[in-house]
Amino acid sequence: MRRVLALLVMSLAIVFFACEKEEGEDVGGQSSISESSHNTGKNCMSCHQFSAAGSVYNKALSSGFPGAVVKLTTQANGAGTVLGTFTVNKSGSFYSSNSINYGSGIYVSVTGTSGNVKHMSSAITKGACNSCHGSSTSKVWVE
């Protein structure tokens, strides 16, 4: 009986911990603030299957910008329907596994803790932000 009970407890523990979200992953449409993230500035989607992921830096481009907010909308300059809102974690990264309909293109804005907002001028059709930013285009940054 003890073996059965021990096996049941271990099985429940494995299921419980296997179903927890990773630190920094979206919770209810937002990335949670987390101390642990890795490879800031690298293309998250080269290893992970997120719907959107990237990094946001300070103005000097020297470190991540925790607390910045990334918003995805159906129209330019933050207008239209909000499809996702993500808070950048302590490592400077955000990511989401929530389903996002990119359709023929959606728009991105990033808001710094000072309220400074930067809008991406062109629409995107995929959420692998660091696949371009930091390699073929400049890093995303706010104040």
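Filter the stretch 118-143 down to residues that are closer than 17 Å to THR74 by Cβ and in contact with a helix residue (DSSP H, G or I) (Cβ under 7 Å, 6 or more places away or on another chain), then give me how many there are. I'd like the intermediate steps shown before the answer.
The first filter runs over the stretch 118-143 and keeps only residues closer than 17 Å to THR74 by Cβ, leaving 119-127.
Next cut, in contact with a helix residue (DSSP H, G or I) (Cβ under 7 Å, 6 or more places away or on another chain) only: 119.
Matching residues across the stretch 118-143 total 1.
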*asked:* Restricting to the stretch 70-116, name every residue that is exposed (fewer than 15 other Cβ atoms within 10 Å of the Cβ) and part of a strand (DSSP E or B).
replied: VAL82
*Among GLN75, GLN30, which is out of contact with any Pro (no Cβ under 7 Å at 6 or more places or on another chain), within 25 Å of VAL117 (Cβ to Cβ) and modelled with pLDDT under 95?*
GLN30
*Mind counting the residues in the stretch 117-138 that are part of a strand (DSSP E or B) and among the basic types (Lys, Arg)?*
1
_Looking at the stretch 51-68 only, could you name the residues that are among the hydrophobic types (A, V, I, L, M, F, W, C) and within 17 Å of ILE124 (Cβ to Cβ)?_
ALA52, ALA53, VAL56
_the stretch 119-141: number of residues that are at pLDDT 95 or above and either within 13 Å of LYS71 (Cβ to Cβ) or aliphatic (A, V, I, L, M) (or both)_ = 5
*Residues (in contact (Cβ under 8 Å) with a residue 24 or more places away in the chain and either of a type outside the set (S, T, N, Q) or more than 16 Å from VAL88 (Cα to Cα) (or both)) located in the stretch 124-134*: LYS126, GLY127, ALA128, CYS129, SER131, HIS133, GLY134
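The values are calculated or read from the model by the stated rules, or taken from the named source; none is laboratory data. Keep in mind it's a predicted model, so treat the numbers as computed, not measured. FYI the Cβ positions are ideal-geometry reconstructions off the backbone, even for glycines, and counts take in every protein chain you see.
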